[in-house]
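Here the structure comes first, spelled out in structure tokens, and everything after it is commentary.
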Amino acid sequence: MFGGLKALRDVDLRISGTGITALIGPNGAGKTTLFNVISGFGTPYIGTIRFAGQDLTGLPAHRVARAGVVRTFQTPSGFPSMTVAENVAVAVAGSHLDKPWTPFLRWREDRRVRAEAHAAAWQQLEAAGIANLGDTSLSDLSPGDAKLVEILRQLALEPRMLLLDEPAAAMTVNQIEVLSGIIRDIAANGVGVLVIDHNLSFVLELAETVHVLEFGAVMASGTPEQISKDPNVERIYLGGGEESDVA
Amino acid sequence: MKSHLIPAAIGVSLVLALSACASDGESKGDNGSSADGDIVFGQLIGVSGDYAPFTPPANAAAEIAVEEINAAGGVLGKQVKLVIEDNRSTVDGAVAGFSKLTTVSNITVLGGMESDGQVALFDQIHQRELPNICPSCGTTFLDDKGGKFSFRITASDSDAGIIVAQVMRDANVKKLAMIVQNTEGASGPAEVAQEAFERAGGEVTSVSIEPGASSYNSEVANAFKSKPEALYLAAGVEAGLPILREIDRRGYDVPIFVSPDLITDEIAKVPNADQISAALTAFDTESPAYKSFAERFRAKTGGEPESGMYDANAYDQFIIHALAIEAAKSTKGADIAGKIIDVASAPGKKVYSFEEGKAALEAGEDIDFEGASSSLDLNEFGNLMSPLLSVLTIQNGAWVPGEQVEVDPSLRG
Amino acid sequence: MISIEFLTTIATLAFVYAMANQLLNIEAGWGGMWDLGIAGLIAVGAYSYVLLTTATDAYTPGLGLPVLVGMLGAGVITGLVALVIGWPALRLRGEYFLITTFAFAEILRQLIIINRDLTGGTFGLTSVTKPLEAEFTFEAYPYVRLVLAIVLTGVIWMICSRIATSSYGASLRAARDNEPLAMAMGKSIKTLRLSTYAFVGLLAGLFVGPAYAWFLGALVPSIFTSSLTFTIWAGLVIGGIGSRFGPILGALTLTAVSELVRLIEVSPQHANWLSAVHPLLVGVLLIAVLRWRPDGLLSERATFARLRRRYAPQRSSTGHMPRSHHHLRESGYERPNYLRLGDHRGLQDVRWPQGVA
């Protein structure tokens, strides 16, 4: 709900647990709201969210994440007081040692987990070709690198479903190309990917299934080919003139 | 592991700094005089903080005392030096200030202090055998603990209760009702008043109230159910005002005695103001010591002494200390403290200044210093036997001091 | 003129503040919980300790327990009180948490005033049992007390150091840096913060409250007003929020500046003037630090850079993947393959342009 208006009204979506699904729509269509509702940052008044047989409705964000549904953020600010490697290591280490007493009562385990998490983080960074950035403070990263770290860190949580919030926002054409490669790679490794974006060409090129939202409801669903030929989608994106960043 | 050394390094350097700065460590214990041979009087007081408004008059009064002592040749032939130390109106400030006064300034006697610091430092004062007079502590802590090294020359908070019982007894009241706010400042004296009044053979109905209630109608009704001959109201203005109005509305016309918190201009304007009276500590403005002090106080500060500011008490404390040193012919704490009750209380030749007292002591006479704040007669616990209070009434919408009453020690438990 | 005994006294006070500063640093510095009620927790700790250890026949009777039992009991009680306060307060964010803790501290103080039979009301608790007091003369005891304060400061320092290098500490700072992200990573912010707040309460009751009581020698409610909270905050800001040694350095600096002013000798007429110098110096110190070292004398960045160097990260060069510790493992979920992002040619060959967009 935004300012008392219903942001979502009739959304019935089945999102595949594998492959890449995209959710598009103009600003104000309810994409972000839906995204927040799925990831536990908002609660629907009615309706349910189910994931792999588990009811996620109304679960707090951390429980949704623990169920394997992990999101990224549009602004990849991360944990600015930590380095890139530490950002990833926090994700690898998980949350089971997050109690004030674990540093004292489970110190050996804690130290081992930390060491292994750091090792894994560095390995991730190396694999992604950015090991040279490992000791850089996150706040010193370029926006492109920050976005990559945002995805890497959330991947380190080993999600079953990764929700990407406008990953292509504020990126150059070259960067978007690399990004698409990464996302395909993620999907190829068996992680379901849900992308929301309003960059039509990026989404149509990437996704296997596309859902179009308008006024809080699903207006069209289908393959990229079907969607690109849908006259209603054309109306929104070309006729409406609302979106300027269509590549 | 290098930074684990940081605390150790700090510790070592602290110890080094401490030992490098160490000075005449042997001077503690005997409360001796400072290096330049003066006798040092310490005044530990809230120069800053909550008590700051009370402090300038008290410090001026202390200076007047020290000037008088030095003008009369000092004590034991030595000049007296006054050191004023700020306790910042806090307990930790009092502890730190006390440490400075005792170890850096090497004070011989200690004055000043408010209740909080007095209570916190009580043990240390005894361990150090430091003569200490509190001119402004109301704390009931001292009621039965003082008399060894700590003394008090103002009324105890419990005297605020005694005076209620005394005024009521003297007005031949047999049945007294009380409306008491459930806070420390109000219920403490009320309990004392109830005990003392019942001891004096009276009968008490007490109703307790919480501050901030929307109405006190039922409490007022309950208090007057027993048809009392008088009422004691112990409350803050917030609750006191509606209660007095309710009493007026119901037309109860018995005398009402109120706690000192209610001595305000607002209360003086209530319709039943002519029924109301209250008591506050007072100075005997006719006494020679007061007159002499007041004159010097006016010259120094341009203002009148006020009992609420404890200025005459601050003057008296150091005159007593100085006389006790003269009487003890020693600067040892235990010797001085042992003479404080003697020089301040009867029997003995009544004296009204340091010079007079010193001369009498040199002539081998026993003295009884009659101070500016009161006659200063102390009981065995180092408390005033009969503090002087003034009964106030309201006339033409203003509080007016009336007759002065000495607390009757026989009413104390 | 200076005396070793006076320096001992103010050093003791400084180390008591150093303990409190470090605790505030855990919750506010690393946890991002801007607690304006730390004085309330210290009050509960100090009162609990004194009431547990005071003799049963004292003016306000206690339970007469041994010092160590009293400290442990005070820790448990204060931890529970923190839990009760934190439960509602931590539902609120940012400035609301700040206001709520501020209010709770004042409520605690009023409860102490009102429950006269238990706490002595405004009259206070006038006898404090101090460890080892009977074994030493009163002249020697201040030095013993200073050593105790330094030792307890050291204990808290070690606790804080361990937190700083633990998973818990990292999660705490992560949740402070970016709360939504930490939630999206499966961290329960509420549990994390509530347990931290209770833990800080536990330590405040275990160490700070008793040590402060030993120093003061008596407790009255007026000790625990917001000015105590502000003193602790000022010391933390001066020393460096989030740094490990900063809280201690801040406490020592602030107390030294505040209390060494007493050594300036002035005539009685200038006592007012000297008292005005004290807040002025503290103010100048704060302004100078904020102007030239806005992170404090020592900074969080420097602390963690140092820790990073010390615990040099193991850059695994073997292909072997360390064991996963992720909770998803425990929930029985079988991950398909470990993601080998690097297998993607584009990523290995194309460096992400720096500073674009």
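The values are calculated or read from the model by the stated rules, or taken from the named source; none is laboratory data. The model shown is predicted, which means the values in this text are computed figures rather than measured ones. Using ideal geometry, Cβ is built from the backbone for each residue, glycine included, and neighbour counts are taken over all protein chains shown.
Would you point out the residue of region B:297-329, among those that are on the phi < 0 side of the Ramachandran plot and without any contact (Cβ under 8 Å) to a residue 40 or more places away in the chain, that is surrounded by the fewest Cβ atoms within 10 Å (Cβ to Cβ)?
Here the answer is B:Ala299.
Restricting attention to region A:37-53, the residues that are within 10 Å of chain C (Cβ to nearest Cβ) and either surrounded by fewer than 23 Cβ atoms within 10 Å (Cβ to Cβ) or touching a Cys at 6+ places or on another chain (Cβ under 6 Å) (or both) add up to 2. Being facing another protein chain (nearest Cβ under 7 Å), under 25 Å from the mean Cα position of the chain (by Cα) and under 15 Å from C:Gly169 (Cα atoms) is a property that holds for A:Ala93.
Of the set (1) buried (at least 24 other Cβ atoms within 10 Å of the Cβ); (2) over 21 Å from B:Phe98 (Cα atoms); (3) not basic (Lys, Arg), all apply to C:Ala213 but (2). Could you check region B:395-413 and list, in sequence order, the residues that are of a type in the set (A, V, I, L, M, F, W, C) and either modelled with pLDDT of 95 or more or not in a strand (DSSP E or B) (or both)? B:Val407, B:Leu411, listed by residue number.
Would you be able to say whether some residue in region A:208-222 is within 12 Å of chain C (Cβ to nearest Cβ) and either at positive phi or crowded, with 23+ Cβ neighbours inside 10 Å (or both)? No, because not a single residue in region A:208-222 is within 12 Å of chain C (Cβ to nearest Cβ) and either at positive phi or crowded, with 23+ Cβ neighbours inside 10 Å (or both). Report those strands (runs of 3 or more DSSP E) wholly inside region B:209-301 carrying at least 1 residues which are among the hydroxyl-bearing types (Ser, Thr, Tyr). Counting at least 1 such residues, we get B:230-234, B:276-281. Scanning region C:179-235 for residues that are without any contact (Cβ under 8 Å) to a residue 24 or more places away in the chain and either touching a strand residue (DSSP E or B) at 6+ places or on another chain (Cβ under 8 Å) or outside any helix (DSSP H, G or I) (or both) returns C:Ala184, C:Met185, C:Lys187, C:Ser188. For region B:35-60, the set of residues classified as more than 20 Å from the chain's Cα centre (by Cα) and in a strand (DSSP E or B) consists of B:Ile39, B:Val40, listed by residue number. In this structure, does B:Thr55 turn out to be more than 7 Å from every other protein chain (Cβ to nearest Cβ), crowded, with 24+ Cβ neighbours inside 10 Å, without any contact (Cβ under 8 Å) to a residue 24 or more places away in the chain and touching a strand residue (DSSP E or B) at 6+ places or on another chain (Cβ under 6 Å)? Yes, satisfied. Taking the residues in region B:346-379 that are of a type in the set (S, T, N, Q) and either closer than 18 Å to B:Ser292 by Cα or crowded, with 22+ Cβ neighbours inside 10 Å (or both) as candidates, determine which candidate is farthest from the chain's Cα centre (by Cα). In this case the residue turns out to be B:Ser353.
Filter region C:105-144 for residues that are farther than 30 Å from B:Ser187 by Cα and in a loop (DSSP other than H, G, I, E, B) and give the result.
Correct list: C:Lys130, C:Pro131, C:Leu132, C:Glu133, C:Ala134, C:Glu135, C:Phe136, C:Thr137, C:Phe138, C:Glu139, C:Ala140.
Within region C:196-235, the residues that satisfy the criterion of being among the polar types (S, T, N, Q) and in contact with a Gly (Cβ under 8 Å, 6 or more places away or on another chain) are C:Thr196, C:Thr229. Is it fair to say B:Gly382 is outside the structural domain of B:Ala65 (by TED's automatic domain parsing) and in a loop (DSSP other than H, G, I, E, B)? When the stated conditions are applied, B:Gly382 passes them.
So which of A:Val70, A:Val88 is in contact with a Pro (Cβ under 7 Å, 6 or more places away or on another chain) and either outside any loop (DSSP other than H, G, I, E, B) or not β-branched (Val, Ile, Thr) (or both)?
After applying the criteria, what remains is A:Val70.
Applying the condition of being part of a loop (DSSP other than H, G, I, E, B) and in contact (Cβ under 8 Å) with a residue 40 or more places away in the chain to region A:96-150 and asking which residue is farthest from the other protein chains (Cβ to nearest Cβ) yields A:Thr136.
Here is a check on your reading of the model: is A:Val88 buried (at least 23 other Cβ atoms within 10 Å of the Cβ) and more than 10 Å from chain C (Cβ to nearest Cβ)? So A:Val88 fits the description; yes. You will find that of B:Glu85, B:Glu129, B:Glu63, the residue that is at the interface with chain C (Cβ under 9 Å from one of its Cβ atoms), among the charged types (D, E, K, R) and not in a helix (DSSP H, G or I) is B:Glu85 and no other.
From B:Phe122, B:Phe151, B:Phe141, grab the single residue that is touching a Ser or Thr at 6+ places or on another chain (Cβ under 8 Å), under 20 Å from B:Leu378 (Cβ atoms) and either at pLDDT 90 or above or assigned to a strand (DSSP E or B) (or both). Answer to the selection: B:Phe122.
Here C:Ala140, C:Ala134, C:Ala149 are screened, and the one residue that is more than 10 Å from chain B (Cβ to nearest Cβ) and farther than 19 Å from B:Gln127 by Cβ is C:Ala149. Looking at (1) at pLDDT 95 or above; (2) over 20 Å from the mean Cα position of the chain (by Cα), which is the one condition that is false for B:Ile320? Failed condition: (2).
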